[in-house]
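Reviewing the structure listed below.
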Amino acid sequence: MSQAMQTPPGECAGVPASGRQAAMNQEARALYDALYSTESWVQVAKVLHRELRLTQAEIARGADVTTATVARWLESTDEASVRAVGKLDDLRYAVLWMVSGCGMGPRLIRFWLTAKNPHLGQDPLGAIAAGRFEHVIEIAHAFGEARSATGR
């Protein structure tokens, strides 16, 4: 397990666990609560679409499924395939970690997940789909540290 995976949420950006809840704005709190309390993997996709405003194509890229599959999830209660569950779990964990551990809000998380990253050679959604979840978390950790160092 990588060092980033061992770092407890709340310490990513130098924010102690006791202060991370106060640092969350209302939008970030709503995203965190919605993702943390989901009861199905399809619900995770719905929260990512509604709260994080990821498009169907972006969710599909992160979950390594077709856009049609995501459209079906958003319109129904169908369950995700076993393969998609792993990717949705990685994506859910990454977002929860960025909100609670790095103090990022939904707008920044959406931008960070969908923008090409020079350290990954692709956007983080594509890297998660390619099975590079731990590397994505390491890069997010470094990003959070850099934001903390500059007072953002």
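Values in this text are rule-based calculations from the coordinates and carry no lab data. Note that the structure is predicted; figures quoted are calculated from it, not measured. Because the Cβ atoms are built from the backbone with ideal geometry, glycine has one as well, and the counts that use them run over all protein chains shown.
Report, in debye and to the nearest 20, how large the dipole of region 16-149 comes out about its Cα centre when Lys and Arg carry +1 and Asp and Glu carry -1 on their Cβ.
320
Cα centroid separation, region 33-66 to region 77-152: 13 Å. Along the Cα→Cβ direction, 7 angstrom out, place labels at S148 and S40. What is the inter-label distance in nm? Between S148 and S40, the simple spin-label model gives 3.8 nm. In units of the rule-of-thumb radius 2.2 N^0.38 Å, region 74-152 shows an alpha carbon radius of gyration of 1.16. The value obtained for region 58-112, namely the Cα convex hull volume divided by the number of residues, is 84 Å³ per residue. Amide H to amide H distances under 5 Å link N117 with Q122, D123, where only residues 5 or more positions off or on other chains count and H is placed in the peptide plane. For region 16-149, the calculated P(r) over all alpha carbon pairs, in 10 Å bins from 0 to the bin holding the longest distance, is 13, 47, 33, 8, 0 percent. 3J(HN,Hα) along region 92-102: 4, 4, 4, 5, 4, 5, 5, 6, 7, x, 10 Hz, from the Karplus curve 6.51 cos²θ - 1.76 cosθ + 1.60 with θ = phi - 60°, whole Hz, x for Gly and Pro. Rounded to the nearest 20 debye, the dipole size of region 72-152 about its Cα centre is 300 debye, using +1 on the Cβ of Lys and Arg and -1 on the Cβ of Asp and Glu.
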